[in-house]
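Data first, discussion second: the structure below is written as structure tokens.
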Amino acid sequence: NGFYTVTLTNQYGCDSIINVNVVQFPAEAVITASPTDQIDCLQDTVWLSADSSVVSLNAQYRWYDGSGALVGTGSPLAVTVPDTYVLEISTDFGSSTCVDTDTIQILDGTGAPSFTAQAGIIGCDASAAPLTASSPDTLAAFLWTGPMGFQAAVADTLTTLAGDYTLYVTGSNGCTDSMSFTVMQDAGLPGIALQADTISCAQPVAGVAAISGQGGIAYAWTGPAGFSTTDSAFTTPVAGTYQLVASTAGGCADTLAVVVTADTLAPSLSVSPPDTLTCAMPQVSLSANGAAQVAWTGPAGFSAAGDTSTALPGTYVAFAAAANGCTATDTVVVAIDTVAPQVAAIGGTLDCQSQSLTLQGSSATPGVAYAWSGPGGFSASTPTPTASQPGVYTLTVTAPNGCTAQDTALVQLDAALPDLSLQADTITCAQPLAGMVALSATPGVTIAWAGPDGFTHTGHDAGTTTPGWYYATATAPNGCARTDSIEVVADTLAPDATAMA
């Protein structure tokens, strides 16, 4: 757009000049930023302008920020806040309005410069401490300040003065940041205290540590089996002497040593042999010596602490734990002997001949004790006592293990008298020898006769020529006897005779 001139020339050389104003509709929105498109510590204002070469004379301007808020209506526009800005240009053409827009990003360049820095220590030999700094911003400027007016406008320098230092770093954007340091004078050997645990069964790994309130110490440990580390603290399963060389940043060093001891001694434990479970001892004691605390386990889930007792046979384990976590075990077997002894008892029969008998008690089990009981309060402690009453006798034998067994012996009584009846003939002149007979239904009886004038005879049958009373005694095999008597009568009276001649 702009002013244009048209010159018309006829054949006679006469000119006619026409001036024309060409206006662009709509006006083109083009933003320029000056001096740059960044706000930083060197430049806190940026001027935004509409390009005059493409702007109509009657154009209207509206500036908006990133939130859409109207921030200006003229050109140029001064902005101090990094943001996205929009220019809207509107041009009226008759009853129409033409609009065009342009956008520009104003950058934030106010960030503090990035840098790293450190300060050393003035060494034991009073050597200078290094002050070093660096930044990825190649145009950054450095300034060290410190005691007694110390200044150094370089990134890296040295100082022999202990005290507080400040580093100022100014970036290429003009922004500055700072960091403070304290340069220490190495006062000499590092103050170190060593600590070491004891290796035990409960703690198989010992902790070793070097403790110091002083910073900047370098640690160099060596120990058994080629051990080495540069940590201030470590753990080890190996007992022995560990040596530490501790060095300060200033070069002062000290050598120390600590001994890691091992306490892995198992507790003393001995278990007393238990008795055997028997009928006389249904429980036995379990006891252990040497250990303060003992725990027992055994058959059927058995468990107990300290000295205890049990009624169960089997294997028992005693477990002891010491304060160092070490343990010891011992095993015992509780045996059982509850076998009943063998016993036999034999009685017999009392009769008229044997009014007492010997009971026969016996056992194949060695060492048993005998105890008889029976009728009428009978008691005896020998295997073969004498009994004189009929009845049931009980023999109890007790083995050395306390177990008992019983048997019974029957003592019977046979006191039955034999059966006896007597018969005798009469002495006559015709039969001067009278026969006598003793009859008995009892088997095995013996007959003994006695009579007048010292008469004796043995046997069932007897004869006599002497009248009188005769006695027969029948003795049965059981010794019982029955006596009966019979009279032998004589009939020897001569008849009366009268003779007449």
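Among Leu158, Leu422, what is the fewest-to-most ranking by other Cβ atoms within 10 Å?
Details: Leu158 13, Leu422 19.
Taking fewest neighbouring Cβ atoms as first place, the list is Leu158, Leu422.
Output the relative contact order of the chain, whole-number percent, from Cα pairs under 8 angstrom with separation of 6+ residues.
On the way: 1219 pairs, mean separation 33.5, N = 501.
Taking the mean separation of contacting Cα pairs over the length of the chain, I get 7 percent.
Phi angles across region 191-208 convert, under the Karplus curve 6.51 cos²θ - 1.76 cosθ + 1.60 with θ = phi - 60°, into 3J(HN,Hα) values of x, 10, 10, 9, 10, 8, 7, 9, 6, 9, 5, 6, 10, x, 10, 8, x, 10 Hz, Gly and Pro given as x.
Which semi-axis lengths, in whole Å and largest first, follow from the square roots of five times the eigenvalues of the Cα gyration tensor of region 31-109?
Values: eigenvalues 130, 31, 15 Å².
Working through the eigenvalues yields semi-axes of 25, 12, 9 Å.
Three principal axis extents of region 421-491 based on alpha-carbon atoms, in descending order, are 41, 22, 14 Å. Here the extension length gained between Gln243 and Trp47 equals 63.5 nm, from 0.36 nm per residue of separation less the Cα-Cα distance. FRET efficiency for the pair Thr498 and Asp453, taken as 1/(1 + (r/R0)^6) with r the Cβ-Cβ distance and R0 = 22 Å, rounds to 0.05. Calculated translational diffusion coefficient of region 344-414 (20 °C, 1.002 mPa s; Stokes-Einstein with Kirkwood radius over alpha-carbon pairs) equals 176 µm²/s. Phi angles of region 300-307 translate, via the Karplus equation with coefficients 6.51, -1.76, 1.60 and θ = phi - 60°, into HN-Hα couplings of 6, x, 4, 8, 7, 10, x, 5 Hz per residue; Gly and Pro are given as x. Across the chain, how large is the tail of the calculated P(r) beyond 31 Å, expressed as a percent of all Cα pairs? It works out to 80 percent of all Cα pairs. Contact order, relative form, for region 193-263: 35 percent (alpha carbon pairs under 8 Å, 6 or more residues apart, mean separation divided by residue count). In whole percents, the pair-distance distribution calculated for region 270-337 from its alpha-carbon pairs, binned every 10 Å from zero, is 22, 54, 20, 4, 0. Fewest-first ordering of Tyr219, Tyr85 by other beta carbons within 10 Å of each residue's beta carbon gives Tyr219, Tyr85.
Counting only DSSP beta bridges with both residues in the chain, tell me the antiparallel percent, nearest 5. Walk me through the intermediate numbers first.
Values: 146 of 160 bridges.
So the antiparallel bridges in the chain amount to around 90 percent.
No lab work stands behind these numbers, since they all come straight from the coordinates. Quick caveat: nothing in here was measured; it's all calculated off a predicted structure. Reconstructed Cβ throughout: ideal geometry from the backbone, glycine too, with neighbour counts over all protein chains shown.
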